[in-house]
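First the structure, in the form of structure tokens, and then the observations on it.
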Amino acid sequence: MEGRPMRLWIVILVTCVAISRAESAVLYLENAEDGGSSMDLAPGESKNINIVLEIESIDTGFAFVFLVFDDDDNDSNGEVDVTVLVPGFPEGGVKEVTYDRSAFDLPADISWDVSGAEYRLNMGRIDSGAWGPGTYVLDTLTLTHNGQTTNASVPVIFEVEFLDGPTPRPPSIVTEDSLMMPWGLGLHGIIPDHADPGVGAEDNPFIINLVSCQGDGGIHNLTRGVDYVSIQCALDAAEDGDEIEVDPGTYFENIDFLGKDITLRSINPLDLDAVELTIIDGGGVNTVVTLSAGEISGFTITNGGMTGTHAAGVHASGSAMVSHNVITNNVADKDGGGVTAWGNAVVRNNRITFNTSGDVGGGVAAVGNSLIIDNYIAFNHAATGGGGVGALYNSTVRNNTIVFNSTAGGGGNEDGGGGILAGFFPVLQNNIVAFSSDGIGIHVAVGSAVTADFNCVFGNLEGNYSGDAVPGPNDLNVDPQLDNDGLHLQSSSPCVDAGDPDLDRLADETDIDHEDRIQNERVDIGADETPLTACEGDANGDGTVDPLDSGFVLARFGCPVGTGDPSCDAADVNGDGAVDPLDSGFVLARFGECP
């Protein structure tokens with residue numbers, strides 16, 4: 001291997017920084033080869049890389065540090081010596097320039113071997129009052145190959161961490177030229193730009209824009225009256241209780257609520273057209289949305305690609321709410337292709353489709369006390385089990401339509417559960433689990449306890465129940481009679497008015513179409529609520545207008561109409577917005593069988 005060139009991979013991860021306007025400054029590497037993504041060093045060779053800041057205008061200062069470390073765990077690959085040279089900063093322009101040798105016992109000449117180690121250098125503070133327009137060489141890194149390699153490639157990573165302003169985040173700008181390093185590290189915030197040689201593109205096309213968080217990017221904090229250029233910038237700057245509205249468009253981001261109790265929504269979460277036009281695209285890497293509090297509502301969440309861990313589309317935990325979204329085409333290595341719900345998270349009124357998990361829960365992986373209700377979960381796949389839903393550890397799965405899902409089965413769950421894989425005390429109630437194209441409808445892990453009742457389990461390719469699963473006393477094994485869309489119930493469906501009569505519903509609960517969850521005396525099975533066909537005056541919906549309807553109306557005189565109580569709405573038989581003697585007369589005039 002003697003004399004063989006050594007390839008150094010160089011990565012800069014940059015955060016959103018509060019500067020006066022977008023693209024008012026850029027930070028880039030100068031003299032790096034291959035567009036700044038790598039350089040070749042033969043044993044004994046040294047090369048310099050300049051860290052350059054080019055400023056158009058800057059009104060807000062920022063501080064940053066460099067982290068330098070060797071990403072190769074195999075010491076046999078040799079060592080790399082990195083020497084930091086300080087050529088001198090512009091006078092008055094840098095505050096708090098320090099090199100913290102004491103933390104790592106570094107020698108005075110600031111030269112060290114980074115093989116298998118990690119070091120932190122405080123590169124200083126840029127003060128807007130002292131820096132004018134111009135180009136500044138902030139520092140020069142001299143990388144020296146010490147000739148002790150037995151392998152031609154050792155990754156050396158440089159990470160820039162900004163300390164001022166909002167919580168550090170990469171700028172949410174993605175182009176088709178964005179790259180992926182060989183070891184799978186996504187370069188968020190590294191923006192190839194060959195169009196503007198004035199910012200160093202001729203020397204190094206990897207230009208990192210320090211993007212202002214504030215600006216007209218279609219993201220509006222309605223609570224504070226401030227607009228932002230990216231969703232993450234808005235989340236970074238928000239505080240508990242804020243409401244953020246996002247205009248229709250495609251936003252290439254992986255966002256994190258950072259534990260804040262924020263409402264993030266599209267312009268109308270109850271309008272499916274608006275939901276489908278407001279897209280958060282994860283770029284095929286990482287979880288698209290992460291939240292442990294607050295609510296995300298009214299988005300199409302897609303193209304998540306989580307490697308080695310859980311949740312590709314949405315990772316919801318704590319008290320988070322995920323509602324009225326389309327969650328589609330996300331792929332996770334482990335649990336939760338579409339959604340992973342932990343703790344007390346609530347996942348409601350979503351369309352969760354065409355997601356894939358390498359383990360459990362192609363559509364949803366529900367763990368802990370999470371609540372999965374009123375969702376359409378279809379055409380998802382899981383390698384191990386729970387193509388539609390993996391319901392584990394005290395989770396509740398209720399009033400969902402779980403259809404056309406599949407699993408390969410495995411990991412001791414050979415039957416898999418194309419619809420649901422359940423174990424360890426979950427509750428399965430009022431769900432349609434049907435038409436799994438591969439796998440059993442409901443598979444319960446052997447030796448675990450599950451509470452299941454009032455489900456309609458039908459037409460699953462390999463059977464309806466397996467493992468320790470047994471039909472609940474009120475389960476149905478009949479065709480649910482779905483409409484052509486595979487979601488809505490036909491009026492003749494046996495699932496209409498067949499759910500648990502003692503359902504303890506949420507105060508503001510609705511079905512998948514945002515209609516009252518109970519249309520008659522009893523909830524339907526599945527995500528869709530379909531009212532029984534009734535004639536004028538048939539207040540109680542039994543198919544006959546008779547004294548029972550008069551009593552029904554009389555008992556509800558003065559009952560508020562349109563406030564969410566379906567019995568009050570039913571008693572207003574003449575539709576004038578009040579339950580009063582006029583409704584009694586309306587009923588009396590129509591006594592008899594409904595046509």
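The values are calculated or read from the model by the stated rules, or taken from the named source; none is laboratory data. Nothing here was measured: the structure is a model prediction, and the numbers come from that model. For neighbour counting, all protein chains shown are included, and Cβ atoms are generated from backbone atoms with ideal geometry for every residue, glycine included. Quick note on the areas: whole protein, heavy atoms, side chains included, nothing else; ligands and nucleic acids left out. Shrake-Rupley method; radii C 1.70, N 1.55, O 1.52, S 1.80 Å.
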Cα-based Rg and Dmax for segment 447-506, in Å, come out at 13.2, 39
The alpha-carbon pair-distance distribution computed for segment 422-482, with 10 angstrom bins and whole-percent values, is 26, 57, 17, 1
Computed D for segment 325-431, Stokes-Einstein, Kirkwood radius over alpha-carbon pairs, 4 °C, 1.567 mPa s, to the nearest µm² per second, is 104 µm²/s
Computed on Cα atoms only, the convex hull of segment 230-339 has an orientation-averaged projected area in nm² of 5.7 nm²
Here the residues of segment 475-495 lying in the modelled label zone of Ser437, meaning backbone nitrogen under 19 Å from a point 7 Å along Cα-to-Cβ, are 482-488
Expressed as a percent, the portion of alpha-carbon pairs in segment 376-470 spaced more than 16 Å apart is 41 percent
Computed curve, segment 483-594, Cα-only Debye sum without solvent term, log₁₀ I(q)/I(0) at 0.10, 0.11, 0.17 Å⁻¹, is -0.30, -0.37, -0.83
With every protein chain in place, the accessible area of Leu487 for a 1.4 Å probe, in Å² rounded to the nearest 10, comes to 10 Å²
Quick calc, Lys47 & Val478: beta-carbon distance into FRET formula, R0 60 Å, rounding 0.05, result 0.25
Rounded to the nearest 10 Å², the 1.4 Å probe accessible area of Glu593 is 150 Å²
Per residue, the convex hull enclosing the alpha carbons of segment 262-416 has a volume in Å³ of 86 Å³
Listed by chain and number, the residues whose amide H is under 5 Å from that of Asn464, excluding neighbours fewer than 5 places away on the same chain and using placed H, are Gly441
For Val470, Val347, Val331, the accessible-area ranking with a 1.4 Å probe, largest leading, is Val470, Val331, Val347
tail above 17 Å in the computed P(r) of segment 409-530, as % of all Cα-Cα pairs, reads 55 percent
Order by accessible surface, 1.4 Å probe, largest leading, for residues Ser584, Ser437 comes to Ser437, Ser584
Of Lys334, Lys260, ordered by accessible area with the largest first and a 1.4 Å probe, the sequence is Lys334, Lys260
Distance in nm between Cys535 and Thr309 label points, each 7 Å along Cα→Cβ, equals 6.3 nm
Ignoring ligands and nucleic acids, Val561 exposes an accessible area, probe 1.4 Å, in Å² to the nearest 10, of 50 Å²
Per the Cα gyration tensor, segment 212-279 corresponds to an equivalent ellipsoid with semi-axes, largest first in Å, of 18, 13, 11
Shape descriptor, segment 276-322: equivalent ellipsoid semi-axes (Cα gyration tensor, sqrt 5λ, whole Å, largest first) stand at 17, 16, 5
Relative contact order of segment 286-396 (C-alpha contacts under 8 Å, at least 6 apart) in percent is 21 percent
Note: Ser567 to Ile267 extended length (0.36 nm per residue) minus current alpha-carbon separation gives 104.8 nm
Subtracting the Cα-Cα distance of Leu506 and Leu277 from 0.36 nm times their residue separation yields 79.6 nm
